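Take a look at the structure set out below.
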């Protein structure tokens, strides 16, 4: 088994979820290679402590990859893929955009959002918003998949020596252009790997009120999440969304504030270790999956909770 | 301009699904079905383009058993011009669907193909991206805004860290995200009118596509249920539980 892991980065940092991805790869084989595609990657390649567990790193550093467009990046990965038994992507928007193209280029049926690896051909993935788990056997000549990184443990961070292979494959994207990227600025941990998440729903009532979650999140060094309803109502930007079609998270502690618990939202957070629900409606479905519930007015409970955490 | 919208008939998102007792799959017989919500957004976007520009033709394509025709009629009632039903009774993988759609697109030569980013049953999120490879058309995924200009489509995409604007050339493919638009309801006169719109039926076997799937679902299981939690009566009780019992703060 030789496994290829696609390493995602934003040009300045390798995404920390790569450590979960490598640990998934370790369940499949001992020979693990990574591929990193982009422009001006030298500092990323030098500062590679997150990549422990990777034996060889293929680096494709060229200006044609600066925009990180799936159109040409998928073609580069597909050129390398035939040397491997498995090709693994994280289940991020980048992975979801790129992985199916690689599979189509290789003419194989891929797997999305794998949460368990049973053996090299058998995998578990959630369907119907996580309300069922499918055990799938795949006999594809190359197993191409996205991995739900929150379902896998972290590799240990350590110094290690990786063999670097500089690649000379240059493929341009002829039909897609990146015009601009508007990334939300956040000084807190990212949703995908925060230990604590404070999440708000429609019960917060306004963008102004949503800010109430910030000081609680500061106290707990938490990321802030939201339901689709809260994003649709304009309380917070799209990248806060947790759920079936947003981000899937599994922190140590998830505090759901003013969230009723639609199945599409539960799909994104029900694997959290401890769930706390604060809601005024005692019949809200969120209480059915919460470990601890407080029934009451969130505008009274939030300041009290903050105070209790300070003392 | 010709727009193809690919749609799938799925179990209604508000229905609580049941897993078959023999764990062979999810019960889909006698369960309320609807157009996949993301595909409905794709239809709505096509109709809005048609309302804004002259000479736009919208063609719906669906792959499925006899019942898929019902979803196509529902889509025609929303404003599409004609529909193509590829009759195939068994479940198809994304790659198979993409291959069927590429056959249809080669024949129809659309300028724009719109699809939902994922179907809410299998949650795969694959077909649009695969179709782009098979047709060698560019594809912008997860669209929350689409703007057309001369032979180009500008798409605002929802990505992990925020938003990204990508421009693709036409012919091209766009997969739709939740916030692209809010689909309309069909009016009664439009539902009546839709019954007279052309709906072509093509048997899968007639497409000359041999496809053998390499995937097999061994079983479908219920996810682990969380054990019943506690309703606490005070904030201090909550903080005590989080500290002493759960040990997470």
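The values are calculated or read from the model by the stated rules, or taken from the named source; none is laboratory data. From a predicted model like this one, the values you see are computed outputs, not experimental measurements. Because the Cβ atoms are built from the backbone with ideal geometry, glycine has one as well, and the counts that use them run over all protein chains shown.
Given (1) within 30 Å of residue A:217 (Cβ to Cβ); (2) touching a helix residue (DSSP H, G or I) at 6+ places or on another chain (Cβ under 7 Å); (3) at pLDDT 95 or above, where does residue A:154 come up short, assuming only one miss?
(3)
Among the residues of segment A:254-263, is there at least one that is at the interface with chain B (Cβ under 7 Å from one of its Cβ atoms), surrounded by fewer than 23 Cβ atoms within 10 Å (Cβ to Cβ) and assigned to a helix (DSSP H, G or I)?
no
Which of the residues that make up segment A:119-130 are surrounded by 21 or more Cβ atoms within 10 Å (Cβ to Cβ) and either away from every other protein chain (no Cβ under 12 Å) or part of a helix (DSSP H, G or I) (or both)?
Within segment A:119-130, A:128, A:129, A:130 meet the criteria.
Give the number of residues within segment A:101-124 that are closer than 13 Å to residue A:27 by Cβ and in contact (Cβ under 8 Å) with a residue 24 or more places away in the chain.
Adding up the residues that qualify gives 5.
For residue B:197, are the conditions met, namely being in contact with a strand residue (DSSP E or B) (Cβ under 9 Å, 6 or more places away or on another chain), over 22 Å from residue A:8 (Cβ atoms), more than 7 Å from every other protein chain (Cβ to nearest Cβ) and part of a loop (DSSP other than H, G, I, E, B)?
yes
Within segment B:123-153, restricting attention to residues that are more than 7 Å from chain A (Cβ to nearest Cβ) and free of Cβ contacts under 8 Å to residues at least 24 places away in the same chain, which residue is nearest to residue B:103 (Cα to Cα)?
It comes out as B:136.
Could you tell me whether segment B:221-232 includes any residue that is farther than 30 Å from residue A:254 by Cβ and in contact with a strand residue (DSSP E or B) (Cβ under 6 Å, 6 or more places away or on another chain)?
The answer is no, given that none of the residues of segment B:221-232 is farther than 30 Å from residue A:254 by Cβ and in contact with a strand residue (DSSP E or B) (Cβ under 6 Å, 6 or more places away or on another chain).
Can you work out which of the residues in segment A:131-182 that are touching a residue at least 24 places away in the same chain (Cβ under 8 Å), within 23 Å of residue B:158 (Cβ to Cβ) and facing another protein chain (nearest Cβ under 7 Å) is farthest from the chain's Cα centre (by Cα)?
Among those that are touching a residue at least 24 places away in the same chain (Cβ under 8 Å), within 23 Å of residue B:158 (Cβ to Cβ) and facing another protein chain (nearest Cβ under 7 Å), it is A:175.
For residue B:207, indicate whether it is surrounded by fewer than 23 Cβ atoms within 10 Å (Cβ to Cβ), at the interface with another protein chain (Cβ under 7 Å from one of its Cβ atoms), in contact (Cβ under 8 Å) with a residue 24 or more places away in the chain and in contact with a helix residue (DSSP H, G or I) (Cβ under 6 Å, 6 or more places away or on another chain).
It is false that residue B:207 is surrounded by fewer than 23 Cβ atoms within 10 Å (Cβ to Cβ), at the interface with another protein chain (Cβ under 7 Å from one of its Cβ atoms), in contact (Cβ under 8 Å) with a residue 24 or more places away in the chain and in contact with a helix residue (DSSP H, G or I) (Cβ under 6 Å, 6 or more places away or on another chain).
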